[in-house]
Amino acid sequence: MKKFRLPRILTAIFTAALVIAFTAPATAEDNKSDPDRVVVKVNGEPITQGRYIRALSLVGQQLAQSGRRIPQEAMPQLQRQVLENLIKSTILHQEAVKAGVKATKDEVESGIVEMRTHFASTDQFEAWLKRGGLSMDDLKEEEAKTIQVRKFIAERFESKVQMTEKDAKKYYDENQEEFRRPERVHARHILVTVDENASDLEKAKARRKIQDLAKRIKGGEDFAAVAREASDCPSSARGGDLDYFERGRMVKPFDDAAFSLKPGEVSEVVETQFGYHLIQVLDKTPSEIIAFDKVSDQIIARLKGEKINGEVSQFVEERLAKSNVEYAEN
């Protein structure tokens, strides 16, 4: 089943929280231009090189954190997409200002705190600010713009879009396979780690340890208690509990063993690149279609989000056609 999330709309460009269908981090390191240089003017309002670099850089941060990669030849397309979204978001902000929408100090501070979570450290965050020629006051100003646009969309579009349970049920009935949950197992394990490049002696020592643990469990000791005492996995704190997982989530030897066991059974020693495991299956659930009442709220949120996105996009395109967009000469 797909995980439903209310789609991010164009507002997020001011903090560069873009959802773009690319597969690699973008960085701004290749662009050494003056951060104050104007790249484009939208109805007389300038978008600077620094602002563009910051947007592109944080998109790269988000993509990198998700482990995605993009071929270098696709970078020009990504760069165009970021600039286009900056232009559209600027238009949205101009409309929010016309409507008298404002952002409070508390809202801005909360946004800054959330923004910092996209960076691994304070040093990385400050380096991003410096690279884009951005002060904290500048950042707060941009965050205020983001909030104004979000509020504008909420007031102008979200409040008018209604989706009912009937709409959700129609979608559910027409897209049953989206709601199929694959076979899952609930398992716990014990791990004795050993490096892939370990010597034969080290591997033999680790194997003897896991075999001794297996004898204790076969002798009647509680699997969870042994896991808490002897497992090298962080899950040891939970008695080795890994909760429910689907095929493909674990490495293949582990997957194959876990899905071959019946509830209550304990595996023989399983070897993976992490070391040696003992696996106990607690429960198995077959592939099934999730009941409508468990996903109806998510479907409604998704359908509403898609409707809002469509209306906002149409609104922006109409305003863009009437706007004066002036690109700077290279």
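What follows draws every value from the coordinates through simple rules; no lab data is involved. These numbers come from a predicted model, not from an experiment. For neighbour counting, all protein chains shown are included, and Cβ atoms are generated from backbone atoms with ideal geometry for every residue, glycine included.
Among the candidates Lys160, Lys166, Lys140, which residue alone is surrounded by fewer than 14 Cβ atoms within 10 Å (Cβ to Cβ) and under 29 Å from the mean Cα position of the chain (by Cα)? Spell out the reasoning first.
Numbers: Lys166 fails: under 29 Å from the mean Cα position of the chain (by Cα); Lys140 fails: surrounded by fewer than 14 Cβ atoms within 10 Å (Cβ to Cβ).
The unique qualifying residue is Lys160.
Only residues that are under 16 Å from Glu306 (Cα atoms) and of a type in the set (Phe, Trp, Tyr): list them for the stretch 145-182, please.
Answer for the stretch 145-182, where residues must be under 16 Å from Glu306 (Cα atoms) and of a type in the set (Phe, Trp, Tyr): Phe157, Tyr171, Tyr172.
What are the residues in the stretch 73-101 that are of a type in the set (D, E, K, R) and under 18 Å from Ile53 (Cα atoms), if any? Steps first, answer last, please.
Residues of the stretch 73-101 of a type in the set (D, E, K, R): 73, 80, 84, 88, 95, 98.
Residues satisfying the conditions are Arg80, Glu84, Lys88.
Which of the residues belonging to the stretch 87-108 are in a helix (DSSP H, G or I), under 11 Å from Glu143 (Cα atoms) and in contact (Cβ under 8 Å) with a residue 12 or more places away in the chain? Step through it out loud before you land on a result.
Taking the stretch 87-108 and keeping what is in a helix (DSSP H, G or I), we get 87-98, 105-108.
Add one more test, that the residue is under 11 Å from Glu143 (Cα atoms), and what stays is 105, 107-108.
If the condition is that a residue be in a helix (DSSP H, G or I), under 11 Å from Glu143 (Cα atoms) and in contact (Cβ under 8 Å) with a residue 12 or more places away in the chain, then Glu107, Val108 are the ones that fit.
Find the residue count for the stretch 171-213, including only residues that are polar (S, T, N, Q) and surrounded by 12 or more Cβ atoms within 10 Å (Cβ to Cβ). Walk me through it before giving the result.
Step one: list which residues in the stretch 171-213 are polar (S, T, N, Q), which gives 175-176, 193, 197, 199, 211.
If we keep only those that are surrounded by 12 or more Cβ atoms within 10 Å (Cβ to Cβ) too, we end up with 193, 211.
Looking only at that region, the number is 2.
Could you check the stretch 100-125 and list, in sequence order, the residues that are among the aliphatic types (A, V, I, L, M) and surrounded by 12 or more Cβ atoms within 10 Å (Cβ to Cβ)? Even if it seems obvious, please write down each step before you answer.
Filtering the stretch 100-125 for residues among the aliphatic types (A, V, I, L, M) gives 101, 103, 108, 112-113, 115, 120.
Val101, Ala103, Val108, Ile112, Met115, listed by residue number.
For the stretch 229-330, which fully contained strands (runs of 3 or more DSSP E) count at least 3 residues that are touching a Phe, Trp or Tyr at 6+ places or on another chain (Cβ under 9 Å) and buried (at least 18 other Cβ atoms within 10 Å of the Cβ)?
Numbers: elements: 241-246, 270-272, 275-285, 325-327.
Ranges flagged: 275-285.
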